[in-house]
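Input: a single structure, listed below in structure tokens.
The values are calculated or read from the model by the stated rules, or taken from the named source; none is laboratory data. Given the structure is predicted, the values throughout are model-derived calculations rather than measurements. Please note: Cβ atoms are built from the backbone with ideal geometry, for glycine as well, and neighbour counts cover all protein chains shown.
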Amino acid sequence: MELRHLRHFVALAEELNFTRAASRELIVQSGLSTSVRSLEREVGAKLFIRGSRPIRLTAEGLALLPAARRTLESAAAAQQAVHDVRGLLTGSLRIGAYPVDMRLLPLPAWISDFSSTHPGLEITVRQAGGAAMARMVANGELDCSLLDPLPDIVTGLKVIPLAAETLVVACPAGHPLSSEREVTLERLSREPFVETDPSWTTRIRSDSAFSAAGLHRRISCEVADWALLLNLVGAGLGVALVPPSCVQLIQAGSPGGEAVTLLPLAAEPLVREIALVLPAGEASSPAARRFAIHAQTRVPGLISDPTP
């Protein structure tokens with residue numbers, strides 16, 4: 001079984017599109033198709049249901065995918081073992097990103113420095129919800145990721161804490177709440193809420209806080225973008241619980257947005273943690289392990305909320 005056939009199979013399984021998978025592997029589409037058919041003949045089963053849009057994996061294809069990823073990772077690790085003797089990193093590093101203020105965790109600078117130190121390494125960055133990125137690390141689609149490590153989404157993964165920040169209340173400037181020194185969950189439950197997607201870890205933390213307090217709240221808007229969320233709050237469509245770093249990041253980039261007032265929550269602090277997550281033990285790639293060390297050396301201790 002040739003590694004290139006497995007690599008082409010994994011690319012097609014992840015892209016579910018021959019054109020994108022061929023482009024990713026830098027081969028023509030016919031070459032990709034021939035490679036996948038060769039693998040199908042070798043394993044004695046169809047791996048894809050063709051003719052559907054998008055194409056889909058068969059039961060056999062779904063069964064092969066985790067093993068194919070592990071095989072490719074083992075081959076990369078074997079190659080890296082040789083390069084380790086010379087202190088080199090090669091191959092790829094796929095990093096999951098998380099929306100935070102660069103003053104809290106300067107991920108772009110970390111990646112730039114790491115890339116300069118290891119020029120033979122191809123680094124790619126992908127962004128999604130925290131729970132989705134944890135699954136992608138677990139199933140081999142990402143090598144590591146920054147995310148909020150809720151216990152139920154990081155089972156079996158190594159978690160390296162890097163920072164933490166307390167969520168604050170965002171309300172429209174001039175709202176009756178804006179004159180308060182702090183706001184209780186009970187008071188907030190009487191206001192319409194602008195919220196993030198239910199899969200986002202900050203949303204999960206907010207839902208859990210209200211549920212634990214026995215409170216119901218009305219969600220008027222549900223979005224998947226911090227900038228839009230804050231603009232909706234500023235336009236008077238509701239209040240929100242937000243990470244201060246995201247507010248500062250957005251306000252720094254678009255000072256003309258709708259005005260919001262930030263207030264502390266009068267309750268046990270609702271804390272968003274930020275950690276680097278990677279597969280545990282030898283399941284993690286050499287590049288991910290080295291990047292974890294690189295990140296840790298740039299965070300001397302647990303970072304508190306950034307100052308405005």
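Of note, residue 278 satisfies the criterion of being at pLDDT 90 or above, under 18 Å from the mean Cα position of the chain (by Cα) and either within 26 Å of residue 107 (Cα to Cα) or outside the structural domain of residue 102 (by TED's automatic domain parsing) (or both).
The numbered conditions (1) under 21 Å from residue 137 (Cβ atoms); (2) in a loop (DSSP other than H, G, I, E, B) are all true for residue 45 except (1). Of all residues in region 61-82, those satisfying the criterion of being surrounded by 13 or more Cβ atoms within 10 Å (Cβ to Cβ), closer than 12 Å to residue 13 by Cα and not small (Gly, Ala, Ser) are 64, 65, 69. For residue 166, the stated conditions hold: it is closer than 30 Å to residue 106 by Cα, surrounded by fewer than 17 Cβ atoms within 10 Å (Cβ to Cβ) and at pLDDT below 95.
Looking across 129, 156, one residue alone is touching a residue at least 12 places away in the same chain (Cβ under 8 Å) and out of contact with any helix residue (DSSP H, G or I) (no Cβ under 7 Å at 6 or more places or on another chain). It is 129. The residues in region 112-140 that are among the acidic types (Asp, Glu) and over 16 Å from residue 94 (Cβ atoms) can be counted, and the count is 1. For residue 264, the conditions (1) outside the structural domain of residue 222 (by TED's automatic domain parsing); (2) modelled with pLDDT of 90 or more all hold with the exception of (1).
Whenever a residue of region 25-51 is closer than 12 Å to residue 2 by Cβ, its partners that are surrounded by fewer than 17 Cβ atoms within 10 Å (Cβ to Cβ), lying with C-beta atoms within less than 7 angstrom and at least six residues away or across chains, give the pairs 35/4; 42/1.
Among the residues of region 263-302, those that are in contact with a strand residue (DSSP E or B) (Cβ under 7 Å, 6 or more places away or on another chain) and β-branched (Val, Ile, Thr) comprise 271, 274, 277, 299.
Only one of 22, 63, 59 is under 21 Å from residue 92 (Cα atoms), in the same structural domain as residue 3 (by TED's automatic domain parsing) and either at pLDDT below 90 or not β-branched (Val, Ile, Thr) (or both); which?
22
Being modelled with pLDDT of 90 or more and not assigned by TED's automatic domain parsing to the domain that holds residue 149 is the requirement here; does residue 253 meet it? No; evaluated as a whole, the condition is false for this residue.
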